[in-house]
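Novice: Here it is, the structure in full.
The values are calculated or read from the model by the stated rules, or taken from the named source; none is laboratory data. Bear in mind that the values here come from a model prediction, so they are computed numbers and not experimental data. Backbone-built Cβ (ideal geometry, glycine too); neighbour counts: all protein chains shown.
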Amino acid sequence: MSQLIRLKDIQATHRDLIGDDYYDPTGKTAFGVHEEKIGKVEGALVEDITGRIRYLIVDVGGWFSSKEVLVPAGLARIVGDDIFFDSLTKSQVEALEEYDHDYQYSYKEQANKDRQAFVADTIPAEERVELKEDYYNAPNTLELLEERLTVNKDRIVAGLVKVGKHVVSEDRAVDVKLEEEHAHIERTEVNRPTERRIGDDVGADTVQVELEAERANVHKDTYVTEEVNVGKTTERHTETIHETIQREELDIDRDGNIVDREGNIIDRDDITADDVRAYRNK
């Protein structure tokens, strides 16, 4: 009967089974249905014959307590640094039997316990899970994540234009032609007799002549000299955005299957570690 060994222990005792490149889920965060956080993965149990990960050790305790349980590896979905148990609720996982570090677990014995535990009468009918054989195989689907840039545009106030007016005073000189009358006296010598006597025309010896002149009369008229219309034009330009994005690249790991040189999977039942080494050395 195959035994289950902690992944960190098998590195020293069965390094030939897992090789140098293997998947280690330790330290990843575990989530359940609706992405509810369940706990933290503290390690894994590996089958000593095939080197396949059969169980993940998940700590479902709180801040001041610790409870580690065994969850079949095939129920896990790996996304980056997170592990999702899409078919399990947090209460289901918390209700599992606590993992005993000193107990020697066997694959078949623990699988039988699981099949009973996940369909127990104490579990609500909608939360019961019928475990299949492939639920004990480590997930062979790894989702690779990649960040992509999405650039949106926001309208902002880039400037403010105010158009007003003010009064400017300046001195202006205008030439105006004006007319002005001046007295002009012209004397003509006359030598003719008259019946008038000196003194007869009293008061008529004075002649008044009005002299006229033009004076500048200044007034100001207001004219519209210019009209100003304020509008907007749209100018388009291209701006280059520089940003650092991340993506996940695949680290190829061993899938735990034993294959021959033609790539055919060999039945793992009753295969010993010596058989594994023999196939690898062919």
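Novice: Got a sec? Which of Ile185, Ile266, Ile252, Ile258 is of a type in the set (A, V, I, L, M) and modelled with pLDDT of 70 or more?
Specialist: Values: Ile266 fails: modelled with pLDDT of 70 or more; Ile252 fails: modelled with pLDDT of 70 or more; Ile258 fails: modelled with pLDDT of 70 or more.
One residue alone meets the criteria, Ile185.
Novice: Give the residue, chosen from Leu45, Leu88, that is modelled with pLDDT of 85 or more and either part of a loop (DSSP other than H, G, I, E, B) or not basic (Lys, Arg) (or both).
Specialist: Working: Leu88 fails: modelled with pLDDT of 85 or more.
Among Leu45, Leu88, only Leu45 is modelled with pLDDT of 85 or more and either part of a loop (DSSP other than H, G, I, E, B) or not basic (Lys, Arg) (or both).
Novice: Then there's this: List the number of the failed condition for Ala95; all other conditions in (1) of a type outside the set (D, E, K, R); (2) under 20 Å from Val46 (Cα atoms); (3) without any contact (Cβ under 8 Å) to a residue 40 or more places away in the chain; (4) surrounded by 15 or more Cβ atoms within 10 Å (Cβ to Cβ) hold.
Specialist: Only one criterion is unmet by Ala95, namely (2).
Novice: Here are the criteria: (1) among the β-branched types (Val, Ile, Thr); (2) closer than 30 Å to Arg247 by Cβ; (3) surrounded by fewer than 21 Cβ atoms within 10 Å (Cβ to Cβ); (4) at pLDDT below 85. Tell me which single one Thr13 does not satisfy.
Specialist: Thr13 satisfies all of (1) among the β-branched types (Val, Ile, Thr); (2) closer than 30 Å to Arg247 by Cβ; (3) surrounded by fewer than 21 Cβ atoms within 10 Å (Cβ to Cβ); (4) at pLDDT below 85 except (2).
Novice: While we're on this one: Mind checking which residues of the range 48-85 are farther than 19 Å from Gln104 by Cα, assigned to a helix (DSSP H, G or I) and aliphatic (A, V, I, L, M)?
Specialist: Leu75
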